[in-house]
Amino acid sequence: MKIRLQDLTKQYRHTTAVNNLNLDINSGEFLVVLGSSGSGKSTTLNMLAGLESPTSGYLFFDEHIVNHLSPGERDVALVFQNYALYPHMKVCDNIAFPLRIRKENNIDKKVFEMADMLGLNSMMRKYPKELSGGERQRVALARALVRNPQVFLMDEPLSNLDARLRLSARMELKKLQRDRNITTVYVTHDQTEALTLGDRIAIMDKGTIQQIGAPNEIYQKPQNIFVAGFIGTPPMNMAQIKIYDLHAFNIGGVTVEFPVLLPNKKDLILGIRPEKLTIVPPNTPFAIPGKIEHIEYLGSESVCHVEITKNMTWYVKGNGGEETKTGEQVGLQFSPEDAHWFDPVTGERIAF
Ligand code: ADP
């Protein structure tokens, strides 16, 4: 089932929650909608589910407009953050419930197949209160998936799990979706989830989509400064620079030589990912001067906070073996091909 959102808008009294959204989701695709709180993700998902009706615009499932269809008529399975299992029913009955109300055939077989897939066999006779959070989440997934829906809609379904469980649930979910080829829309504010789960990610801000693309495309070629700053931990280092001639730029009052020709513009925003910067001795050619402010040791890697000016600190991600000390003067070097350039007025990426 492919899905199309066409000029979709949801207006509440004082808020435009979703603003003229256009999005095509391919059949069998795992699309993640990523954004911070209030960006319009849940409203979008709720309109897809039929829980909210659009103020204007159209929703298509394959070639058919579904705006007027109720959630039940859309054949979508929903999993939310606060999934509720029926507390008085055993796991097997919870999973079987959607099949029983639809009076389907071979219910036991379908239930046990699904339980097998999600590793729930040993707990079929238990009640929800006897299960851990992660087990309950898997039961909720099983219940949503058991009737082989055309579309799977999920809103932060893993956020109640602890970090280790979330990792394994993510893998299970991805495998399940791939095996069964169900078109999936998954809402999250967690960029790691988005990058690991999505075939494509749609990044939302203020009710609009900022960029849609495969995870590596979004990471390597952010379309604007919003996306550049949103994806990546620590975030991309950015600074407004002035270009004097095509061989040198000014950053925070300091002139830095550049080994290749710079873009032919006067004012630009330069962005460099923390892992693309190398700490070198001060006064090394082509390096941005700075002072080590703080070193965060994270086990396999470390993050150095380097003060470029009083108001500008850049992050450098390394493998933990740096010989640097707090307070030391250093240079920050990067390869020209790792520089991202943005227009300071529009915030859009400049191809260079
Ligand atoms: P997200 O899921 O990204 O956190 P939402 O889609 O829930 O964002 O909300 C987007 C915006 O719409 C927010 O500003 C929110 O306050 C507003 N909003 C959501 N639902 C309602 C509602 N029922 N009535 C009024 N405003 C709402």
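The values are calculated or read from the model by the stated rules, or taken from the named source; none is laboratory data. Keep in mind it's a predicted model, so treat the numbers as computed, not measured. Reconstructed Cβ throughout: ideal geometry from the backbone, glycine too, with neighbour counts over all protein chains shown. The area values use the complete protein model at the heavy-atom level, side chains included, leaving out ligands, DNA and RNA. Shrake-Rupley method; radii C 1.70, N 1.55, O 1.52, S 1.80 Å.
General remarks:
- Among the candidates Gly28, Gly38, residue that is in the same structural domain as Gly72 (by TED's automatic domain parsing), within 7 Å of the ligand (Cβ to nearest atom) and assigned to a loop (DSSP other than H, G, I, E, B): Gly38
- Exclusive hit being without any contact (Cβ under 8 Å) to a residue 12 or more places away in the chain and either more than 16 Å from the ligand (Cβ to nearest atom) or closer than 30 Å to His88 by Cα (or both), set Glu156, Glu172, Glu113: Glu113
- The set of residues in region 54-73 that are more than 13 Å from the ligand (Cβ to nearest atom) and either of a type in the set (D, E, K, R) or surrounded by 13 or more Cβ atoms within 10 Å (Cβ to Cβ) (or both) comprises Gly57, Tyr58, Leu59, Phe60, Phe61, Asp62, Glu63, Val66, Asn67, Leu69, Pro71, Glu73.
- Tally, over region 16-25, of residues that are within 15 Å of the ligand (Cβ to nearest atom) and either surrounded by 21 or more Cβ atoms within 10 Å (Cβ to Cβ) or without any contact (Cβ under 8 Å) to a residue 40 or more places away in the chain (or both): 3
- Qualifying strands (runs of 3 or more DSSP E) (wholly inside region 244-352; at least 2 residues being more than 26 Å from Phe226 (Cβ to Cβ)): 254-257, 278-280, 288-297, 329-333
- Only residues that are open to solvent by 40 Å² or more (accessible area, probe 1.4 Å) and under 21 Å from Phe352 (Cα atoms) were counted across region 276-312, and they come to 2.
- Filter result for Leu51 (within 11 Å of the ligand (Cβ to nearest atom), in the same structural domain as Leu195 (by TED's automatic domain parsing), open to solvent by 40 Å² or more (accessible area, probe 1.4 Å) and among the hydrophobic types (A, V, I, L, M, F, W, C)): yes
- Among the residues of region 185-203, the one identified as of a type outside the set (Phe, Trp, Tyr), out of contact with any Asp or Glu (no Cβ under 7 Å at 6 or more places or on another chain) and under 17 Å from Ala77 (Cα atoms) is Val185.
- Screening region 80-106 for residues that are of a type in the set (A, V, I, L, M) and buried (at least 17 other Cβ atoms within 10 Å of the Cβ) and picking the one that is nearest to Val187 (Cα to Cα) gives Leu85.
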